[in-house]
Amino acid sequence: MTTSSDPVPDPVSVDVVLPCLDEAAALPWVLERIPPGWRALVVDNGSTDGSARIAQALGARVVHEERRGFGAACHAGLTAATADLVCFCDCDASLDPADLAPFVREVAAGTADLVLGRRRPQTRGAWPPHARAGNLALTRLLRRRTGLRLHDLGPLRAARRESLLALGLTDRRSGYPLEMVVRAADAGWRIAEHDVPYRPRTGASKVTGTWRGTWQAVRDMSRVLNETGTVTDKGVRA
C-alpha cells in the first residue's frame with residue numbers, strides 16, 4: 001500500500017494543472033502542498049484579485065486563458081504542460097495536491113491509465129447536497145454509457161500527457177472532466193478511483209456553491225454524454 005509521503009520513482013516528470021479564477025486566498029496553501037520536484041501550472045482564467053501575481057511570486061508557472069470556462073482552463077494547462085504525467089487539481093484548497101502522489105505512482109507503474117479521486121467530505125458543509133445529487137445522477141448516467149462503476153467525477157486526477165492530448169477533448173465548459181472519462185473509457189483505458197479527503201473550499205464557489213452553477217455543470221455534462229455515442233461494456237479497475 002502506498003501513501004502520499006512515498007516518493008514518485010524517477011525519472012517521471014509531473015505537471016499539476018490548477019485552473020484558477022480569483023483564488024488568491026487559497027493559492028499559498030495549494031502551492032505549498034505541491035510535491036517536491038513537480039511543477040505547478042496555474043491557469044489564470046480572468047482573475048481580478050491578483051491570483052496570477054501571487055502564483056508567480058510563489059514559484060508557479062502562470063498560463064493565461066482568456067476564454068472563460070473550467071474546460072478551457074484545464075485544456076490550456078494540458079497543452080502548456082511538458083511533463084510525462086499531468087495531474088489536475090482544483091485551486092480552492094478543497095483538495096490537497098499532495099494526495100496525487102499515489103495516483104502518479106500508479107500511472108507511472110503502468111497499472112492504470114487514468115486515476116481519479118473520489119471525494120470524501122471532511123465536514124457537512126464541504127459538499128452541498130445539490131452538488132452531491134448532481135454528481136450522483138451523472139455517475140449513474142456514466143455507468144449506463146460506459147459500464148464504469150465510478151462514484152465521483154471529481155477534478156483530482158492523473159494520466160500521461162501524450163495520451164490525454166490524443167483523446168481530442170473538445171468541451172471547454174463544465175463537461176470537460178466527464179468527456180475525459182468517457183473518451184478514455186471508449187479508448188479502452190484502465191481507470192481507477194481512490195478516496196481522497198474533501199474540505200470546504202476557500203472563498204465562494206463558482207459552480208457547486210449555487211443551484212444555478214450546479215445545474216449548468218449537470219447540463220454541460222449531460223450534453224457530453226449525449227454527444228459521445230452509445231453504451232460500451234468496458235469496466236473499471238480500482
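Details
- Among residues of the range 91-114 being of a type in the set (D, E, K, R) and surrounded by fewer than 24 Cβ atoms within 10 Å (Cβ to Cβ), the one that is farthest from Ser163 (Cα to Cα) is Asp96.
- In the set (1) open to solvent by less than 10 Å² (accessible area, probe 1.4 Å); (2) within 20 Å of Asn45 (Cβ to Cβ); (3) not aliphatic (A, V, I, L, M), Asp152 fails one condition alone, (2).
- Just one of the numbered conditions (1) closer than 15 Å to Leu164 by Cβ; (2) in a loop (DSSP other than H, G, I, E, B) is not true of Thr48: (1).
- Taking the criterion of being of a type in the set (Gly, Ala, Ser) and open to solvent by less than 20 Å² (accessible area, probe 1.4 Å), the residues of the range 25-40 that qualify are Ala26, Ala40.
- All positions within the range 70-90 that are crowded, with 19+ Cβ neighbours inside 10 Å and over 14 Å from the mean Cα position of the chain (by Cα): Ala81
- Looking only at the range 121-138, and only at residues there that are among the polar types (S, T, N, Q) and out of contact with any strand residue (DSSP E or B) (no Cβ under 7 Å at 6 or more places or on another chain), the one that is least open to solvent (accessible area, probe 1.4 Å): Asn135
- Residues that are open to solvent by 20 Å² or more (accessible area, probe 1.4 Å), under 21 Å from Asn45 (Cβ atoms) and either assigned to a helix (DSSP H, G or I) or β-branched (Val, Ile, Thr) (or both), drawn from the range 156-204: Arg161, Leu165, Thr170, Thr202
The values are calculated or read from the model by the stated rules, or taken from the named source; none is laboratory data. Values in this document were obtained by computation on a predicted structure and should not be read as measured data. Virtual Cβ from ideal backbone geometry, glycine too; neighbours counted across all protein chains shown. Just the protein is used for accessible areas: all its heavy atoms, side chains included, with ligands, DNA and RNA removed. Shrake-Rupley method; radii C 1.70, N 1.55, O 1.52, S 1.80 Å.
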